[in-house]
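K.L.:
Just dropping this structure here.
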């Protein structure tokens, strides 16, 4: 069974209100972007304490022990770690994300601060979904080794950075006969690992789906606002 229904919404704006509204519009999942968006630690804590669980992914600022631990302590069940280029970096992320004996995560769930139930270490380990981002030529070259790391649940592709690293652009990557994007999808599926990607538009989402991607960010909150404004201003 797929982690999410295919099409999700990517949130750059740190707005619990936008998240609450769009969560009722049929998107299969929602990505909260701490790396390139406006989401602060305080906003992440607030929204994870109140938002429906199960379909929210948090893209971290980095794969550091501190950033991974914060998001999980705040209640994230799915974290996306950016710029994973080597098996060693993937191993460090997996180690930081799980409690012993499967990792070295430090105990400190924030739900206890709100009087909410606290998951046991085993329950927390079992519910975690860890995605690593492939978004560089180095990460692409090391994909097989990265997928061999225990504790990696899925891959999430950052096509803009990947295209720049390869000296091309996203649309050319999608259209290429022997596309690295198709190679990533096939390699992941051969390992029985799901693969997602940031598409940013319905047309690119369809292109990723045609290559076999399981779940894609098909639009952004800013994109929806701009499209709505343009439609409202049409004469």
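The values are calculated or read from the model by the stated rules, or taken from the named source; none is laboratory data. Note that the structure is a prediction, hence the values are computed from the model and not measured. Here Cβ is always computed from backbone atoms with ideal geometry, including for glycine, and neighbour counts include all displayed protein chains.
K.L.:
Answer yes if at least one residue in the range 215-224 is within 23 Å of residue 79 (Cα to Cα), touching a helix residue (DSSP H, G or I) at 6+ places or on another chain (Cβ under 7 Å) and surrounded by fewer than 17 Cβ atoms within 10 Å (Cβ to Cβ), and no otherwise.
P.N.:
no
K.L.:
A further question follows. Condition check: touching a strand residue (DSSP E or B) at 6+ places or on another chain (Cβ under 9 Å) and crowded, with 18+ Cβ neighbours inside 10 Å. Does residue 193 satisfy that? Show your work before the answer.
P.N.:
Values: touching a strand residue (DSSP E or B) at 6+ places or on another chain (Cβ under 9 Å): yes; crowded, with 18+ Cβ neighbours inside 10 Å: no.
For residue 193, the condition - touching a strand residue (DSSP E or B) at 6+ places or on another chain (Cβ under 9 Å) and crowded, with 18+ Cβ neighbours inside 10 Å - is not met.
K.L.:
Could you list, in sequence order, all residues of the range 99-153 that are within 15 Å of residue 84 (Cβ to Cβ), touching a residue at least 40 places away in the same chain (Cβ under 8 Å) and out of contact with any strand residue (DSSP E or B) (no Cβ under 8 Å at 6 or more places or on another chain)?
P.N.:
Residues satisfying the conditions are 136, 138, 142, 144, 145, 148, 149, 150.
K.L.:
Among the residues of the range 37-90, count how many are more than 21 Å from residue 113 (Cα to Cα), in a helix (DSSP H, G or I) and without any contact (Cβ under 8 Å) to a residue 60 or more places away in the chain.
P.N.:
3
K.L.:
Can you find a residue in the range 18-25 that is in a helix (DSSP H, G or I) and without any contact (Cβ under 8 Å) to a residue 12 or more places away in the chain? Don't jump to the end; show me each part of the working.
P.N.:
Taking the range 18-25 as the starting set, the residues that turn out to be in a helix (DSSP H, G or I) are 18-22.
Checking the rest, the ones that are also without any contact (Cβ under 8 Å) to a residue 12 or more places away in the chain come to 21.
Yes, the range 18-25 has at least one match.
K.L.:
Considering the range 23-53 alone, what residues qualify as being at pLDDT 95 or above, touching a helix residue (DSSP H, G or I) at 6+ places or on another chain (Cβ under 7 Å) and either farther than 25 Å from residue 66 by Cα or surrounded by fewer than 16 Cβ atoms within 10 Å (Cβ to Cβ) (or both)?
P.N.:
Of everything in the range 23-53, just one residue is at pLDDT 95 or above, touching a helix residue (DSSP H, G or I) at 6+ places or on another chain (Cβ under 7 Å) and either farther than 25 Å from residue 66 by Cα or surrounded by fewer than 16 Cβ atoms within 10 Å (Cβ to Cβ) (or both), namely 41.
For (1) part of a loop (DSSP other than H, G, I, E, B); (2) over 20 Å from the mean Cα position of the chain (by Cα); (3) crowded, with 18+ Cβ neighbours inside 10 Å, each residue gets a yes or a no:
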residue: 126; (1), (2), (3): no, no, no
residue: 149; (1), (2), (3): yes, no, yes
residue: 155; (1), (2), (3): no, no, yes
residue: 184; (1), (2), (3): no, no, yes
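K.L.:
Within the range 128-147, how many residues are part of a helix (DSSP H, G or I) and in contact with a helix residue (DSSP H, G or I) (Cβ under 8 Å, 6 or more places away or on another chain)? Break it down into steps so the answer makes sense when it comes.
P.N.:
First pass over the range 128-147, keeping only residues part of a helix (DSSP H, G or I): 137-141, 143-147.
Checking the rest, the ones that are also in contact with a helix residue (DSSP H, G or I) (Cβ under 8 Å, 6 or more places away or on another chain) come to 137-140, 143-147.
So the answer is 9.
K.L.:
Just need a number here: residues in the range 200-219 that are in a loop (DSSP other than H, G, I, E, B) and free of Cβ contacts under 8 Å to residues at least 24 places away in the same chain. Show your work before the answer.
P.N.:
Taking the range 200-219 as the starting set, the residues that turn out to be in a loop (DSSP other than H, G, I, E, B) are 200-201, 211-214.
Then keep just the ones that are free of Cβ contacts under 8 Å to residues at least 24 places away in the same chain; that gives 201.
Residues flagged as in a loop (DSSP other than H, G, I, E, B) and free of Cβ contacts under 8 Å to residues at least 24 places away in the same chain within the range 200-219 amount to 1.
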